[in-house]
Each structure stands twice: as C-alpha cells, then as structure tokens.
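Remarks on the structure that follows.
The values are calculated or read from the model by the stated rules, or taken from the named source; none is laboratory data. Everything quoted here is computed from the prediction, not taken from an experiment. As a convention, Cβ positions derive from the backbone with ideal geometry for all residues, glycine included, and neighbour counts pool all protein chains shown.
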C-alpha cells in the first residue's frame with residue numbers, strides 16, 4: 001500500500017514538472033504583461049514539432065533540441081509581443097483575450113494543415129527505460145524532463161531576483177505605472193517576459209517529446225492544467241505556479257489511483273475549488289511575488 | 001445489446017487516429033471543404049478498352065482519415081491493374097475495369113453528396129468504400145436507393161440490417177470481441193483480463209461487449225476501468241493494472257493513449273499480454289510510433305497480409321508501390337475487387353442490378369477473391385460472408401503476423 005502511494009506521488013511529481021513549465025510561462029506573462037495567453041499550449045505544440053523534425057530529419061536527440069527550441073520560441077515570443085500584443089495593451093481586456101485566443105486557433109489549424117492530425121512520436125534509447133528501486137520505478141525520460149524543468153524554473157527565479165532586467169520585470173509586475181515612472185522601459189520588459197515564457201513552453205515541448213506524442217491538439221491537454229495551476233498558485237506568482245503544478249500532478253495521480261482512472265481531474269478541480277473558497281487569491285497570496 | 005456491440009469494435013479505426021475534440025477543427029474543415037469541394041472531384045482513370053466497366057471507389061483521401069484513405073486508393077488501383085493486366089473481364093470481351101475515385105473527405109455529409117454524384121454522373125457497375133463504418137453506412141444507404149451494389153470491409157453489424165445491395169465479405173464487429181477473449185485463453189489457462197477503456201461511446205460500448213461475452217468464454221475480468229481519454233500520464237493506471245493481478249490487458253484506446261500505455265507497461269516491467277484491438281493498432285504506423293515496445297502486442301483484424309499465398313503476392317506488390325506492408329483494409333479491398341470480377345464474369349453484364357444478383361450467388365474458395373481469413377466467401381441473405389471470421393494478429397520482428405485461430409496462424413502466438 002505504502003509502495004503504491006509512494007509510486008503515485010513519484011508519478012505525480014514527474015508530470016507536475018511539465019505542468020510547471022507551462023504554467024510558469026502563463027503566470028509570467030500574466031504577472032508582467034497583464035494578459036492571459038490562451039495560446040501558451042500551442043507554443044508547447046510548436047516546441048514539440050520542432051523537436052520532432054530535428055529528431056527525425058537530423059537525428060538530433062529531443063533533449064538536445066532544447067538548444068534550438070528555447071531560443072526559437074524566445075524570438076517568436078518577442079515578435080508576438082512586439083507586433084501583436086503591444087497593439088492591444090490598454091485599459092480594455094477584451095481585445096487581448098480575443099487576440100491570444102485567435103492566435104491559439106490560428107496556430108492549431110495551421111498545425112493541422114501543415115502536420116495533419118496524426119500522432120508523431122520520437123523513440124529514443126531511453127524512452128522505455130526506467131530506474132527500478134525496490135518495487136518502485138522512475139521512468140528515465142520523465143526524470144530527465146523533471147530535472148531540467150526544475151533547473152529552468154530555478155534559473156528563471158535567479159534571473160528575476162539577481163539581474164536588473166529581472167528586477168525590472170518584477171517591478172513591472174508589481175506596479176506597471178510606478179515602474180515606468182522609475183524609468184523602466186515597458187516594451188523591452190514585456191518583450192523579454194513574453195519571450196522567456198514562450199522559451200519555457202518550447203522547453204516543455206522538447207522535454208515531452210521523448211515520452212509523449214506530438215499532435216496539433218497536444219497543447220490543450222497541458223494548458224488546461226497550466227491555467228488551474230496559475231490560479232491555484234496565485235496569478236502572477238512564479239513560485240506559486242511551480243508549487244501548485246507539482247501539487248496538481250500529485251493530486252491527479254493519487255486521484256487516478258484511489259478514486260478512478262476517469263476522475264483524476266476531479267481531485268484536481270476539487271482542490272482548486274477548496275483553495276478558492278478559503279484563499280481566494282490562491283496559495284501564493286500574501287507571499288512576496290517572485 | 002446488439003446495438004452496443006455493433007458500435008463496439010465498430011472499426012473505430014478511423015477515430016483511433018483522429019483526435020477527439022473536434023468541434024473547432026470540424027468547423028474549419030467544413031468551411032475549407034466547401035471551398036475545396038469544387039476543386040476536388042471524381043478523377044476517372046482513363047480506361048483502355050472500348051467499353052470499360054466503371055467501379056466507384058469512395059475513400060477519404062483528405063481530412064482526419066486521409067492517410068488510410070490514400071492507402072485504400074493505392075490498393076484499389078493495384079487491384080484494378082491486376083485485373084486489367086490479366087485481360088479484364090473475359091465474358092465481356094476483355095472489358096477493362098475503370099476506377100472512378102472520389103474523395104469523401106472523412107466527412108459524413110460529403111460522403112452522402114459524393115456517393116450520389118458518383119452514381120448519377122457515371123454508369124457504375126459497383127462501388128467499394130469507405131473504410132470508416134460511419135462513412136460506409138451513409139454510402140451504403142445511397143447505394144441501396146440507387147440500386148448499385150457496394151462491397152465493403154467496414155465491420156459495423158449495422159451494414160447487414162435490411163440491405164440488399166451491401167456486401168460485407170469480412171468479419172463483423174461482433175466477432176472481434178469474441179476473438180480477443182479467445183486469444184486471452186491462449187496466453188494463460190486461467191485468463192485474467194484487465195479491461196481499460198476510455199470513457200467515450202467507443203470505449204464504453206466495446207468494453208461492455210467484452211464484459212457480456214467473457215463468462216461464456218471462460219475468461220475472468222479482474223479489472224474494468226474507464227479512464228479519461230487524452231491523459232498526460234499512464235503510470236497511475238498501469239499501477240492499478242499491476243495491482244489487479246491480470247495476465248492480459250485489453251486496452252480500448254486511441255492511438256496516443258495506447259502508445260503511452262504500452263510504454264508505461266514496459267517501464268514498469270510488467271509482464272502482461274496486451275491486446276490493442278484493431279483499427280490504428282494493425283497499421284504499419286503503429287509500429288513506427290511505438291518502436292520495439294510493440295513487439296509481442298496482440299490485436300485483431302479482418303484481413304492480414306499473410307493469410308494466404310495470394311495475400312503475400314498482393315502484399316509484395318503493395319509494398320513495392322507504397323513502401324509499407326498491405327494493411328488489413330487495403331488487402332481486403334483487393335480481395336473485394338476480385339469478388340466483383342467473379343460476379344461480372346458470371347453476370348456477363350455491367351448492369352449494377354445484374355452484378356448484384358451475381359454477387360448474391362458468389363461462392364469462391366480459391367484465387368484472389370477468396371483471399372480472406374477462412375479462405376472462403378459466400379454471402380448470406382444479409383450480405384454477410386457466412387464464412388467470415390477475424391484473424392488474431394501479433395507484432396513479431398517488426399511485422400504483423402497472423403497467430404489466431406489455428407487454421408489462419410502463420411506463426412505461434414508468443415507469450416511475451
């Protein structure tokens with residue numbers, strides 16, 4: 001019994017790491033740029049397809065393709081921010097919602113057109129491998145994904161807390177108007193924040209590729225979890241999103257194990273409702289925004 | 001019950017590859033389809049003989065089932081080439097077959113209009129189509145009304161209800177579940193089956209079919225668990241399978257979930273026989289996606305490329321043309337075309353009604369027309385091949401091999 005629980009927790013943490021990469025991106029964009037990016041999942045999908053084609057055309061391991069997907073998505077993020085998001089930033093939220101939602105639809109259907117609805121997988125030598133400890137097992141590909149996800153989250157945290165640009169981003173997220181008065185260039189800060197968020201989505205795509213299939217709708221699977229994590233961990237709070245993502249992974253896994261395989265998400269959403277009832281601003285509220 | 005079971009193994013083949021949430025996509029596809037409809041039409045291949053015999057071929061060569069539809073068209077062309085190179089229809093003075101191909105765009109509405117258009121625009125002797133049962137059911141309705149015979153590999157039992165012009169030479173959906181259970185008995189003397197299925201119409205109805213048949217087959221179902229389709233992680237589910245003590249796992253899943261399940265079983269190091277059913281599982285693509293983890297996996301099919309010597313010949317030619325082995329629907333389609341040839345020879349006429357009469361008295365046990373599990377084709381009054389049965393298959397050394405029943409087995413079933 002104990003073994004089953006421990007195994008379920010391990011499974012949950014491992015998948016939670018991937019949720020974290022997506023949700024940190026969403027929360028970063030929300031915190032800094034103050035918009036909800038509905039297209040975040042589609043950028044995970046783009047990351048997956050880049051990794052897939054690098055792997056199948058050039059034989060590059062999906063994990064190595066991080067070096068390509070992250071900068072590529074960073075640049076895409078800057079461009080999206082500069083040419084699209086910047087134009088709709090204003091007092092009215094509606095155009096922003098429509099814009100990112102439209103972007104999501106556009107990317108999804110472009111992917112359907114270009115890549116078709118087929119599932120694409122990359123099979124690496126470690127895809128089916130697992131480390132066995134006693135009766136427990138840890139899948140290698142997911143472990144690597146988890147470790148890299150945690151490293152990237154840590155790097156982002158360090159960036160936000162030690163560099164001028166990072167501090168400027170946090171300042172902008174705390175109070176945009178005052179930060180502008182302090183001489184922070186919002187366009188630059190926003191572009192970097194958007195780029196960084198998309199780079200994380202791209203990283204999630206590459207890390208997923210060794211054990212998950214790429215298909216046009218893949219982003220939607222992860223973005224749902226990401227939005228829950230973002231709300232659960234307090235909007236705009238990077239550390240909150242990270243912790244909430246891991247918690248959700250574990251809750252989902254325990255839910256499948258002990259409630260039923262079709263009710264893993266029920267546990268997650270029950271957790272969300274309870275949190276909102278008792279801490280309406282999420283678990284990360286009243287903490288320092290990171 | 002029957003109704004459930006019909007939909008059960010209902011060759012949701014196509015669905016297995018198509019993603020589930022489709023509303024948005026469907027909208028765009030439909031608008032796109034409206035635009036493309038003008039451009040894409042029937043593409044008649046030029047016939048060489050004076051009076052060619054037109055055979056309609058309705059397959060989804062665009063849309064979510066495009067990949068398989070394209071394979072079907074390749075098979076239809078191969079079959080027609082084989083017939084024509086052998087001298088065409090002798091009783092009609094060596095008349096050549098002329099394939100009239102139409103794209104039904106993986107869409108039921110388009111299927112209806114295309115079937116109609118094909119029949120009214122061409123003098124067709126017969127039609128083959130449409131891969132997915134959902135599409136074939138529609139095409140079959142139109143054919144019944146127009147009195148043009150349609151011969152199909154689609155397995156929905158619905159196709160055998162109140163129809164006169166619809167012929168189904170291969171195993172029916174209701175026969176698939178039974179074959180799967182019997183295969184579990186080959187794996188162990190005390191078959192304990194874990195059934196995991198996605199909580200959709202396809203998963204629920206198929207799993208209920210298995211549950212109903214299991215006691216009669218002497219198979220114990222030790223776990224019966226629905227799951228939400230499109231999950232991110234199969235580990236918790238496989239943990240449960242492990243705890244259930246099952247020695248066989250039936251996974252009623254779409255391709256993506258099945259891949260995750262197979263990989264996770266391997267990671268856990270669980271020694272269990274997996275039966276992946278049919279549809280996407282018996283396609284060459286499955287092995288490409290899953291890799292060596294597919295080895296030893298079992299499934300069921302209505303045709304396999306090793307069922308007879310003739311099938312192997314067809315397979316070799318198909319491989320030469322497309323690079324892939326001849327998948328179940330493609331092979332069945334070649335056989336179906338030769339059944340039409342047999343009927344045309346005996347009818348001595350290209351008239352669809354006469355072809356229908358000749359099909360209803362078809363009785364073959366040799367040649368390409370008899371290239372089916374069981375090796376014999378004779379249609380009952382419901383259009384069902386009275387000898388039709390599914391074949392149990394297993395992935396062995398990158399190939400899909402027939403392993404069940406004994407008469408059709410080309411290699412022993414490996415107990416992984």
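Yes or no: region A:52-61 includes at least one residue that is within 14 Å of chain B (Cβ to nearest Cβ) and surrounded by 16 or more Cβ atoms within 10 Å (Cβ to Cβ). Yes, region A:52-61 has at least one match. Only residues that are without any contact (Cβ under 8 Å) to a residue 60 or more places away in the chain and over 17 Å from residue B:309 (Cα atoms): list them for region B:363-416, please. Within region B:363-416, B:363, B:378, B:380, B:381, B:386, B:387, B:412 qualify. How many residues does region B:182-201 contain that are under 30 Å from residue B:336 (Cα atoms) and either surrounded by 23 or more Cβ atoms within 10 Å (Cβ to Cβ) or not assigned by TED's automatic domain parsing to the domain that holds residue B:217 (or both)? Here the count works out to 1.
In summary, helices (runs of 4 or more DSSP H) completely within region A:185-290 and bearing 3 or more residues that are more than 16 Å from the chain's Cα centre (by Cα), surrounded by fewer than 24 Cβ atoms within 10 Å (Cβ to Cβ) and away from chain B (no Cβ under 14 Å) occur at A:186-208, A:264-278. Scanning region B:134-167 for residues that are buried (at least 21 other Cβ atoms within 10 Å of the Cβ) and part of a loop (DSSP other than H, G, I, E, B) gives B:148, B:149, B:152, B:153, B:154, B:155, B:156, B:165. Contact map, region A:157-173: residues that are at pLDDT 90 or above paired with residues that are surrounded by 16 or more Cβ atoms within 10 Å (Cβ to Cβ) and not in a helix (DSSP H, G or I), Cβ distance under 6 Å, separation 6+ or inter-chain. Pairs shown: A:168/A:184. Every condition in (1) touching a strand residue (DSSP E or B) at 6+ places or on another chain (Cβ under 6 Å); (2) away from every other protein chain (no Cβ under 14 Å); (3) assigned to a helix (DSSP H, G or I) is met by residue B:203 except one, and the failing one is (2). With (1) part of a helix (DSSP H, G or I); (2) outside the structural domain of residue B:115 (by TED's automatic domain parsing); (3) at pLDDT 90 or above as the list, and residue B:257 as the residue in question, which single condition is left unmet? Residue B:257 satisfies all of (1) part of a helix (DSSP H, G or I); (2) outside the structural domain of residue B:115 (by TED's automatic domain parsing); (3) at pLDDT 90 or above except (3).
Yes/no per residue for (1) buried (at least 17 other Cβ atoms within 10 Å of the Cβ); (2) in a helix (DSSP H, G or I):
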| position | (1), (2) |
| --- | --- |
| B:316 | no, yes |
| B:319 | no, yes |
| B:325 | yes, no |
| B:331 | yes, yes |
| B:336 | yes, yes |
| B:343 | yes, yes |
| B:350 | yes, no |
| B:357 | no, yes |
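In the set A:18, A:85, only one residue is within 14 Å of chain B (Cβ to nearest Cβ), in a helix (DSSP H, G or I) and in contact with a helix residue (DSSP H, G or I) (Cβ under 9 Å, 6 or more places away or on another chain); that residue is A:18. Of the residues examined, residue B:279 is not one that is modelled with pLDDT of 95 or more, out of contact with any strand residue (DSSP E or B) (no Cβ under 8 Å at 6 or more places or on another chain) and crowded, with 21+ Cβ neighbours inside 10 Å.
Being surrounded by 17 or more Cβ atoms within 10 Å (Cβ to Cβ) and more than 17 Å from residue B:155 (Cα to Cα) is the requirement here; does residue B:391 meet it? It is false that residue B:391 is surrounded by 17 or more Cβ atoms within 10 Å (Cβ to Cβ) and more than 17 Å from residue B:155 (Cα to Cα).
Yes/no per residue for (1) in contact (Cβ under 8 Å) with a residue 40 or more places away in the chain; (2) part of a helix (DSSP H, G or I); (3) within 14 Å of chain A (Cβ to nearest Cβ):
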residue: B:67; (1), (2), (3): yes, yes, yes
residue: B:70; (1), (2), (3): no, yes, yes
residue: B:75; (1), (2), (3): yes, yes, no
residue: B:81; (1), (2), (3): no, yes, no
residue: B:91; (1), (2), (3): yes, yes, no
residue: B:98; (1), (2), (3): yes, no, no
residue: B:116; (1), (2), (3): no, yes, no
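The residue list A:110, A:103 contains one member that is surrounded by fewer than 20 Cβ atoms within 10 Å (Cβ to Cβ), more than 10 Å from every other protein chain (Cβ to nearest Cβ), in a helix (DSSP H, G or I) and touching a residue at least 12 places away in the same chain (Cβ under 8 Å), which is A:103.
Results for (1) under 23 Å from the mean Cα position of the chain (by Cα); (2) facing another protein chain (nearest Cβ under 9 Å); (3) not in a loop (DSSP other than H, G, I, E, B), shown as yes or no for each residue.
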residue: B:184; (1), (2), (3): yes, no, yes
residue: B:216; (1), (2), (3): no, no, yes
residue: B:238; (1), (2), (3): no, no, yes
residue: B:241; (1), (2), (3): no, no, yes
residue: B:249; (1), (2), (3): yes, no, yes
residue: B:271; (1), (2), (3): no, no, no
residue: B:285; (1), (2), (3): yes, yes, yes
